[in-house]
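Written out below as structure tokens is the structure these notes cover.
The values are calculated or read from the model by the stated rules, or taken from the named source; none is laboratory data. All values reported here derive from a predicted model rather than from experimental measurement. Cβ atoms come from the backbone with ideal geometry, glycine included; neighbour counts cover every protein chain shown.
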């Protein structure tokens, strides 16, 4: 239950000329104490709408989504931003525990980037960003840091930002920009709008100022330029809502919303404070003039697109915009002093009008939405209460410090690579047309689930097989104990092998991908049948124990029984103190990965998708000798009953319950020593190469980009890029939309691309023009990139590489990252390199 906030004291209700004496909400606008006291009452009123801290409820979210409640997931993120500001401006810690619990609970298993599995089916870029902005606000106002083992505020914001720069979110339709929605099945996926791009711009501008890393500012500037270029910002600083990708964004929806202008205004103020560039002053002033002219008639906030004197047609989302606008204006005034007086005078007039109409309900202080008429309009809700709370807090802008940076008092720990490893979105292919026929029968919004898990729409004919905890598989051989994860084409389960009394991993493949020609099964069988125990690399490749089929309501599914492995190396790196593996462990992991690749190649197999997400740590067998011990090690399954909200029977093929993937704890680098190369979904036999493989864009080798024949040399290139990431915690190359963007980077980092390749590509039409090297001018030589990426200070300097080690590593990488695959070193040759020979694969450290 909520604690009662402090009551108004007698000293705060003394009469003065600035007072508005209005029923239970009595505010003296000339008194800081009175404003704070009124804010305390409104904070209490806001929190009466929140039930996530009660038994059986989900922390972090307001009741919803519709139809079971009024509010969407993103509004929970907006609520906590409001409550963080409440603490910042008033000093009242009453709700800080709720803030901490909520903000941490919703971070989401994949990469801690506010994409919890349970909400991915309806997730927009702006939805994710509102949580990221609240995390960044916590860093900027020095809100209490989470325990060291949990995601930190700055790193969470960086993860959100990084996720929105990935190729999975970016394309060249409309010339760039973010789409509104993230997943292709969502309504709005074909719409690029101002709020999605405004949130990204805002986070980028703020991260630039907080970290002094100019890369964030460059992204912010690029976003502004795109907004202007596509016509979403005009010469008068009007900001329009968006445009559709199938119209190349030429069909601009000219609706205007206050929070669109406000989010760009606050971001522009951050850019001005960071750069001191007069261009950003001009933009800040222009946006402010537009804001006050369009959305503050007579100095009082009005949502012009849905609010008139006669009626209110605003959606639940729109009913909360005024609060954000007031809070963001206050920060703008702090960062851009030339705006202060115009902003403060308007905020005071608007806040007085807001309080004047809060006369509804049994308390006599329930607030409505329409402020401009001065009387309560009969509406109520969390949005209306947050609006008035935000208006009151904005008047305290001169009583609290402006946003901190990491050099002026901010203490939150960051991770520049957060959110860049293997994630749910990055490796999840869109549901194809064949899947949609079955998926269309399932509407996830009709269901109550209760845990973050996979998309219910994939439980359709040809899709996932419904699996439940304690299910018995393959005629009694295996009992399901826990959920390890899921991917585009499978779910993965932890099971107990009753015959051999051991824990195993069972990968249950979608029915549509379980035919007799399944390449992954064929590859794993070859690796198993050609076992040569004396080969060092064998012990660093995931082992196939068994395979069988299970038939269910969605079809016949291939089940691969594999050895039980631990977390991805990318996850362990992210959760390490420096955002990368300690040097001794990193070096050993890179060596073991090479031995694994060498073993595959000796068997005539190419992996096709080597990266840190497919290098998994090995578990200690002595800790897994019984089902009970396994549950102790992995934790009990987090189960959510699946049921239709209207009480009707579930669709055929939908499981009775979903299980959240296991979440590994922190401090992982201290627990694991050896890795296995896993996930052979893109593998192929060297004697029969495919035309293409699906691997993340930054890992695309030149032969894949130029459409040359693929060989096992693809693994050497990918291993080189992966080794750079293992050691430094950073990705060497980057591409937003198309792998051809990598060509100029290859020239800068590696020294060139064969001229004959470029001529052939131009003649065939693969390239329309000569690659523009200027777009990669920030890239340095491989050795310089390595030195720069490894230059930042470690928390434990004894766990970093020496300069001589970096020279040895540079020589090793040069032999792997050769553009022409025919000239690339083989895995066998690389085993003789100093970087490898100096590593004892099994010594303890």
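The set of residues from segment 241-260 being under 19 Å from residue 202 (Cβ atoms), in a helix (DSSP H, G or I) and within 24 Å of the chain's Cα centre (by Cα) comprises 259, 260.
Being out of contact with any helix residue (DSSP H, G or I) (no Cβ under 7 Å at 6 or more places or on another chain), in a loop (DSSP other than H, G, I, E, B), farther than 30 Å from residue 417 by Cα and assigned by the TED database to the domain that holds residue 74 is a property that residue 314 has. In contact with a strand residue (DSSP E or B) (Cβ under 9 Å, 6 or more places away or on another chain) and part of a loop (DSSP other than H, G, I, E, B): does that describe residue 309? In short, no. Pairs meeting the criteria (first residue in segment 357-382 and on the phi > 0 side of the Ramachandran plot, second residue in a loop (DSSP other than H, G, I, E, B) and modelled with pLDDT of 95 or more, beta carbons under 7 Å, at least 6 apart or on different chains) are 361/380; 374/357; 378/368. Checking 31, 16, 9 one by one, the residue that is surrounded by 15 or more Cβ atoms within 10 Å (Cβ to Cβ) and either at pLDDT 95 or above or not assigned by the TED database to the domain that holds residue 385 (or both) is 31 and no other. With respect to being over 11 Å from residue 161 (Cβ atoms), within 19 Å of the chain's Cα centre (by Cα) and in a helix (DSSP H, G or I), residue 203 falls outside the description. Scanning segment 49-96 for residues that are part of a loop (DSSP other than H, G, I, E, B), under 13 Å from residue 382 (Cβ atoms) and without any contact (Cβ under 8 Å) to a residue 60 or more places away in the chain yields 51, 52, 61, 63, 64, 69.
When 703, 682 are checked against the criterion of being part of a loop (DSSP other than H, G, I, E, B) and modelled with pLDDT of 90 or more, a single residue qualifies: 682.
Out of the residues in segment 730-753 that are in contact with a helix residue (DSSP H, G or I) (Cβ under 6 Å, 6 or more places away or on another chain) and part of a loop (DSSP other than H, G, I, E, B), state the one that is surrounded by the most Cβ atoms within 10 Å (Cβ to Cβ). Once the filter is applied, the top-ranked residue is 732.
Suppose the filter is under 27 Å from residue 134 (Cβ atoms), in contact with a helix residue (DSSP H, G or I) (Cβ under 7 Å, 6 or more places away or on another chain) and surrounded by fewer than 20 Cβ atoms within 10 Å (Cβ to Cβ); does residue 358 pass it? Answer is no for this residue. One residue alone among 537, 579, 503 is modelled with pLDDT under 95 and assigned to a strand (DSSP E or B), and that residue is 503. As for segment 414-427, it holds no residue that is in contact with a strand residue (DSSP E or B) (Cβ under 7 Å, 6 or more places away or on another chain), in the same structural domain as residue 731 (by the TED database), assigned to a loop (DSSP other than H, G, I, E, B) and at pLDDT below 85. Residues that are closer than 30 Å to residue 803 by Cβ and buried (at least 18 other Cβ atoms within 10 Å of the Cβ) within segment 754-787 comprise 776, 779, 782, 785, 786, listed in sequence order.
One line per residue, one yes/no per condition, for (1) touching a helix residue (DSSP H, G or I) at 6+ places or on another chain (Cβ under 7 Å); (2) in the same structural domain as residue 318 (by the TED database); (3) buried (at least 22 other Cβ atoms within 10 Å of the Cβ):
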{"site": "43", "(1), (2), (3)": "yes, yes, yes"}
{"site": "48", "(1), (2), (3)": "no, yes, no"}
{"site": "59", "(1), (2), (3)": "yes, yes, no"}
{"site": "77", "(1), (2), (3)": "yes, yes, yes"}
{"site": "93", "(1), (2), (3)": "yes, yes, no"}
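Looking at segment 230-240, is at least one residue surrounded by 14 or more Cβ atoms within 10 Å (Cβ to Cβ), in a helix (DSSP H, G or I) and at pLDDT 95 or above? Yes, there is a match, as at least one residue in segment 230-240 is surrounded by 14 or more Cβ atoms within 10 Å (Cβ to Cβ), in a helix (DSSP H, G or I) and at pLDDT 95 or above. Taking the numbered list (1) at negative phi; (2) crowded, with 20+ Cβ neighbours inside 10 Å; (3) assigned to a loop (DSSP other than H, G, I, E, B) in turn, residue 393 passes all entries but (3).
Based on this model, can you work out whether residue 809 counts as at pLDDT 95 or above, assigned by the TED database to the domain that holds residue 729, under 20 Å from residue 581 (Cβ atoms) and crowded, with 19+ Cβ neighbours inside 10 Å? So residue 809 fits the description; yes.
Let's see how each residue does on (1) surrounded by fewer than 18 Cβ atoms within 10 Å (Cβ to Cβ); (2) touching a residue at least 60 places away in the same chain (Cβ under 8 Å):
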position: 632; (1), (2): yes, no
position: 647; (1), (2): yes, no
position: 656; (1), (2): yes, yes
position: 673; (1), (2): no, yes
position: 684; (1), (2): no, yes
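Residue 279 meets each of the listed conditions (1) touching a residue at least 12 places away in the same chain (Cβ under 8 Å); (2) surrounded by fewer than 17 Cβ atoms within 10 Å (Cβ to Cβ) apart from (1). Taking the conditions (1) touching a strand residue (DSSP E or B) at 6+ places or on another chain (Cβ under 7 Å); (2) under 20 Å from residue 817 (Cα atoms); (3) outside any loop (DSSP other than H, G, I, E, B) in turn, residue 590 satisfies each one other than (1). Here 235, 260 are screened, and the one residue that is in contact with a strand residue (DSSP E or B) (Cβ under 6 Å, 6 or more places away or on another chain) and at negative phi is 260.
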